[in-house]
Every structure is written in structure tokens, then in C-alpha cells.
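The values are calculated or read from the model by the stated rules, or taken from the named source; none is laboratory data. This structure is a prediction, so every number in the text was calculated from the model and none was measured. Cβ sites come from the backbone with ideal geometry, for glycine too, and all protein chains shown count toward neighbours.
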Amino acid sequence: MELYSLFFLMAAATVLSPGPGVVMTLTNALRYGMRGTLGGILGIAFGALVVAAISATSLGILLATSALAFTILKFVGAAYLVYLGVRLWRSPPIELVVQSAHSAGFGKRFLEGVSLQLTNPKAIFFFLSMYPQFIVPERNYAFQFAVLVLTYSALVVVIHCIYALFARRAKNWLTSGRGGRAVNRTAGATFVLFGAALATAKR
């Protein structure tokens, strides 16, 4: 996996960027504290495993054996990153509404995280369009799959735990006009650069 470092950076930027998962983690942290947030974080990470497993079946095999399919998906993925970057650049700061706290059962938070990730277009498209491009057909497919998906899931846990630990500061920064725009524009520019890098990358 010669492009593992690029995958790592792209995955980290994807997880870091403001979106439904970040909003859920911040909301849960402000409602229930760090302990009550872990269920949702692990649910989001497990949902990523499920989405990745789906992409690793027929689509993954197709891309690993078809040069044309790989090329098409590479440019689709690159175009999506550029689109995501432009949209983030133009987006207003995220809105975060914290209602009164109620029972923060681990199982309920976990299921909420799983369902959020399974319906999150960013996660779905990330795996379906970009993940297979980092697979080298001549090498062990299962091992490469495990490394990439576990890397992504580990990044989800680590980054969202950081968000949760600094929930109040992160919330104030992400939802402020100046801070929110800075975060969105930094993430947007990063995605555009990654899109260009992906379009010119060779495996």
C-alpha cells in the first residue's frame, strides 16, 4: 500500500471535518459528559466498519480487477472531494442545539451512532469511491482491507474522543462566525488539494 500515507491524511481530514458525526459527538458530550459520549463514538466507528465491509465485497473485487473501473472511480472520487471542499468552504458554521439531558444509555447511543454512519453520505461515498483505489491487486486483499478500515475506524474513535474532551471549546469555536468559517475553509481547501492529489495518484 504505497499510498497509505495519502489514505491516512484523507481519512483524518474526512473524520475531522464538521458533519453529522461531529455534531452528534459534541451534543452528547455537552449533554452527558465524556462517559455518556463513548457509546455514540463507538457506534459511529462500528458503522464505518459496516460501510467498509459492503464496499469491500463485489465493488472492491471489481475495482481490483478492472483498470477501467478503477480509473472511473478514481476521477469520480477526486471530483467528489473537490465538490465537498467547495461546499465546506461556502458553508456557514455548524448549528448545535443542546436540549435537556435524559438517560444516556450506552446501547441507545451506540445504535444512534451506527444508524447515523450508515445514512451518512460522506462516509458511504468515501468508502465506495476512494477506499478501493488504495488496494494493490497483487497483494493480500483481506490484509489490505483490514488495515485501511481499521485505520479509519481508529481515527473516528481518537478524533471524536478529542472533540468530546474539549466539547465546550470545540462547540464555541465551531459555532462562532470567525472560527466556524476558518474551520470550514481550511477543511474545504484540504479536500480540494486531496482531490487533485487523488486524480494524479498512481497505484
Original post:
Can you spot a residue in the range 115-130 that is modelled with pLDDT of 75 or more and exposed (fewer than 15 other Cβ atoms within 10 Å of the Cβ)?
Top reply: yes
Log entry, pairs with first residue in the range 1-14 being under 13 Å from Phe126 (Cα atoms) and part of a helix (DSSP H, G or I), second being modelled with pLDDT under 85 and not basic (Lys, Arg), beta carbons closer than 6 Å, six or more apart or on different chains, reads Phe7/Phe134; Met10/Phe194; Ala13/Thr190; Thr14/Phe126
Only one of (1) surrounded by 15 or more Cβ atoms within 10 Å (Cβ to Cβ); (2) under 21 Å from Met24 (Cα atoms) does not apply to Ile162, and that is (1)
Selection over the range 12-23 where residues are surrounded by 24 or more Cβ atoms within 10 Å (Cβ to Cβ) and hydrophobic (A, V, I, L, M, F, W, C) yields a count of 1
Scanning the range 1-33 residue by residue, those under 14 Å from the mean Cα position of the chain (by Cα) and under 11 Å from Ala167 (Cβ atoms) turn out to be Val22, Thr25
Residue pairs within 6 Å by beta carbon, gap of at least six or interchain, first lying in the range 18-34 and under 22 Å from Tyr152 (Cβ atoms), second of a type in the set (D, E, K, R) and part of a helix (DSSP H, G or I), listed first then second, are Gly19/Lys122; Leu26/Lys171
Restricted to the range 165-203 and to residues being hydroxyl-bearing (Ser, Thr, Tyr) and free of Cβ contacts under 8 Å to residues at least 12 places away in the same chain, the residue surrounded by the fewest Cβ atoms within 10 Å (Cβ to Cβ) is Thr200
Taking the range 138-159 and the residues there that are crowded, with 19+ Cβ neighbours inside 10 Å and polar (S, T, N, Q), the one that is farthest from Ala13 (Cα to Cα) would be Gln144
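Quick grid of which residues meet (1) in a helix (DSSP H, G or I); (2) among the acidic types (Asp, Glu); (3) at pLDDT 80 or above:
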| residue | (1), (2), (3) |
| --- | --- |
| Leu42 | yes, no, yes |
| Ile72 | yes, no, no |
| Ala79 | yes, no, yes |
| Gly85 | yes, no, no |
| Arg109 | yes, no, yes |
| Pro132 | yes, no, no |
| Glu138 | no, yes, no |
